[in-house]
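Written below as structure tokens is the structure these notes are about.
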Amino acid sequence: MAGKKVAITGATTPLGNVLTALLRKNGYEVVELSRSLLLRPIPDITKHIDGCDVLCNLQGVPFESRWTGRYQYDIYADRITTIHNLSQALNYCEERPKVFMGLSNAMIYDKYEVHTDYSTSYGDGFMSEVGRMETAEMMKLKKQYKEKRLIILRSGYVMCRRGGVYPILRRLSRLHLAGVIDDGYQCIPIVHIDDAARAILFLIESENAEGIFNISIPEMCSMRELVDSIKKYQRGFQLPMPHALLRSLAGRATELFEQNCKVSPQRLTDMGFEFLHPNIDNVIKTLARR
């Protein structure tokens, strides 16, 4: 599909930046849809997506902040309003995109099973609730435009030096507070930012790709393994992270580190996608050297 046009929301996010550069490197024309544009009248949005081959929605207030009641509302409102406005804009397109893609989170799943892309066993936490609402909104697009490809990306925590959970844990490690959070055996789905962008490009170019895809490293890792890997590249002693301190810093956002979620990218690997960073040590080692 090289040489085609891709409209992207959230192009200024860390993942959006990497994906935009990757698409342009591979011959795509990228149309960046800013947050301010998405709040303008629907016809203004339509002008930017009409004639594009792919509509990729990466927009969303980040989870990695203190979860006050207001902030949680903003997370809901930003994600659902964006999907709704894009859906309305599509109604007025003369030439609609052939592919709709939407980024959601892999923490939608419950803490009991190993979850492939086909799993429907969902958790009851805040991130799971947001993921279920996003999925429901995106599925409405498929019902309306049955001939189009809908791809829902359920991503683990995207690991990069700017944004996300990695800078938080690295900062705590520098303060000698990167000890195990909770019992440390909870599984944390993660993916290197480069692999997340490569997976999106891979799915765009795979003409039969449709439905839900988990994006996380194929080798599951625990919170203990994640913290230990980060500590390899920090000097000095490390103290356990007191739960009360973490709660005071992050509020309910401690769910980011405490929720157990075992995720498998089965569909991606079955289709032949190869991760450049397939395990936790490779992910952290690459980030630490940048």
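Laboratory data are not the source of any read-out in this text; all were calculated from the coordinates shown. On a predicted model such as this, the values are computed, not experimentally measured, just so you know. For neighbour counting, all protein chains shown are included, and Cβ atoms are generated from backbone atoms with ideal geometry for every residue, glycine included.
Checking the cross-link filter: which aspartates and glutamates have an alpha carbon closer than 16 Å to that of K5, excluding same-chain neighbours under 8 positions apart?
The qualifying aspartates and glutamates are E29, E32, D50, D53, E94, E95, E205, E207.
Using only Cα atoms and rounding to the nearest 10 degrees, what angle (0 to 90) does helix 14-25 make with the longest principal axis of the chain?
50 degrees
Taking the 0 to 90 degree range and rounding to the nearest ten, how far is the long axis of helix 126-144 tilted relative to the main principal axis of the chain, both from C-alpha atoms?
For 126-144 against the chain, the angle is about 20 degrees.
Apply the Karplus parameterisation 6.51 cos²θ - 1.76 cosθ + 1.60, with θ equal to phi minus 60°, to every residue of the range 277-285 and state each ³J(HN,Hα) to the nearest whole Hz, in sequence, with x for glycine and proline.
10, x, 9, 4, 5, 5, 4, 5, 4
Name the shape class, rounded, prolate or oblate, that the alpha-carbon gyration tensor gives for the range 7-84, where a ≥ b ≥ c are the square roots of its eigenvalues, rounded holds for a/c under 1.5, and otherwise prolate holds if a/b is larger than b/c and oblate otherwise.
oblate
Taking every DSSP beta bridge that has both residues in the range 50-205, what percent is antiparallel when rounded to the nearest 5? Each step should come with its number before you reach the end.
Values: 1 of 15 bridges.
Around 5 percent antiparallel, to the nearest 5.
Let me have the 222 nm mean residue ellipticity of the chain computed from DSSP H runs of 4+ only, each contributing -39500 (n - 2.57), with the sum over all residues rounded to the nearest 500. Can you show the working numbers first?
Details: 12 runs with 125 residues, N = 290.
Result for the chain: -13000 deg cm²/dmol, rounded to the nearest 500.
Along the Cα→Cβ direction, 7 angstrom out, place labels at L276 and Y73. What is the inter-label distance in nm?
Result: 4.2 nm between the two label points.
How high is the relative contact order of the range 1-71, in percent, with contacts defined as C-alpha pairs under 8 Å that are six or more residues apart?
42 percent
Need one number: % antiparallel among DSSP beta bridges in the chain, to the nearest 5.
The antiparallel fraction comes to roughly 5 percent.
Of the cross-linked pairs K111/K232; K47/K146; K25/K142, which ones have a Cα-Cα span greater than 26 Å in the structure shown?
Exceeds cut-off: K111/K232; K25/K142.
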